[in-house]
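First comes the structure, then the notes that go with it.
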Amino acid sequence: MVLALVILAVVVIVGGGGTAVAVVHARQVAAAAEKAEQKKEAAARTRAEQREAQRAAQEEADEAERSSRAETVKEVEASVKTMAEENVTKGLLDGPILSVSCNPVSGSTDDLTDTTTSFDCFAANTDNADGTQSGYFFNSTVNWDSGEYTYGLGKSAS
């Protein structure tokens, strides 16, 4: 009988110990799974943050390019005005040249996929009584890739 009680005690102890080991193991597995899920979520957040940073950097670069294009249009207008004033000095055009404005007729300054833009530029030499202006048309083409531009008297062929 003592032997049976000893065997029963051993079975209870071993069985209880096995249950304890199983509970500890289950907790370890659950903790490892939770840690893996946290790492996965952190990696997803990192990727999302990287995508957002890339998007913001691209947006900043695009805005800088648009600003650069706007400055180039101002340079074209100044160059056309200089040319028009030289033509006034030579007696080819009537002056004075009051202002020059250039507007895209082919391509765009905002669409960054456009590699060239053609402009019609108007060099005003007279303010009319009705609020309009009279003057001369010039044309210009800007190559956005090289930053170079050409201009001349007359409307663009576009």
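Looking at T132, is it hydroxyl-bearing (S, T, Y), loosely packed, with under 11 Cβ neighbours inside 10 Å and out of contact with any helix residue (DSSP H, G or I) (no Cβ under 8 Å at 6 or more places or on another chain)? I'd like the intermediate steps shown before the answer.
Working: hydroxyl-bearing (S, T, Y): yes; loosely packed, with under 11 Cβ neighbours inside 10 Å: yes; out of contact with any helix residue (DSSP H, G or I) (no Cβ under 8 Å at 6 or more places or on another chain): yes.
It is true that T132 is hydroxyl-bearing (S, T, Y), loosely packed, with under 11 Cβ neighbours inside 10 Å and out of contact with any helix residue (DSSP H, G or I) (no Cβ under 8 Å at 6 or more places or on another chain).
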Can you find, within segment 135-154, the residue that is nearest to the chain's Cα centre (by Cα) among those that are modelled with pLDDT of 95 or more and within 15 Å of D94 (Cα to Cα)? F138
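Counting only residues that are within 15 Å of I97 (Cβ to Cβ) and touching a Gly at 6+ places or on another chain (Cβ under 7 Å), which one in segment 135-158 is surrounded by the most Cβ atoms within 10 Å (Cβ to Cβ)? Lay out the reasoning, then the answer.
Of segment 135-158, the ones within 15 Å of I97 (Cβ to Cβ) are 135-138, 151, 153.
From what is left, the residues that are touching a Gly at 6+ places or on another chain (Cβ under 7 Å) are 137-138.
On the way: F137: 13, F138: 26.
This residue is F138.
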With in a helix (DSSP H, G or I), over 11 Å from the mean Cα position of the chain (by Cα) and without any contact (Cβ under 8 Å) to a residue 24 or more places away in the chain as the only criterion, which of R55, R69, R47 stands out? R47
When you go through (1) in a strand (DSSP E or B); (2) among the β-branched types (V, I, T); (3) more than 29 Å from the chain's Cα centre (by Cα) one by one for V80, which number turns out not to apply? (1)
Are there any pairs with C-beta distances below 8 angstrom linking a residue in segment 99-116 that is touching a residue at least 24 places away in the same chain (Cβ under 8 Å) and over 17 Å from E59 (Cα atoms) to a residue that is among the charged types (D, E, K, R) and loosely packed, with under 15 Cβ neighbours inside 10 Å, with the two at least 6 apart or on different chains, and if so which? T115/D145
Do we find that A123 is closer than 17 Å to K155 by Cβ, of a type in the set (G, A, S) and in a helix (DSSP H, G or I) in this structure? no
Condition (residue is among the aliphatic types (A, V, I, L, M), under 30 Å from T126 (Cβ atoms), touching a Pro at 6+ places or on another chain (Cβ under 8 Å) and modelled with pLDDT of 95 or more) applied to segment 87-102: is it met by at least one residue? yes
Flag if A61 is modelled with pLDDT of 95 or more and part of a helix (DSSP H, G or I): no
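One line per residue, one yes/no per condition, for (1) farther than 16 Å from N87 by Cα; (2) in a loop (DSSP other than H, G, I, E, B):
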| residue | (1), (2) |
| --- | --- |
| T113 | yes, yes |
| F119 | yes, no |
| G135 | no, no |
| N139 | no, no |
| V142 | yes, no |
| S146 | yes, yes |
| G152 | no, no |
| K155 | yes, yes |
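The values are calculated or read from the model by the stated rules, or taken from the named source; none is laboratory data. What you see is a predicted model, and the numbers here were worked out from it, not measured in a lab. All Cβ positions, even for glycine, are placed from backbone atoms using ideal geometry, and neighbour counts span all protein chains on display.
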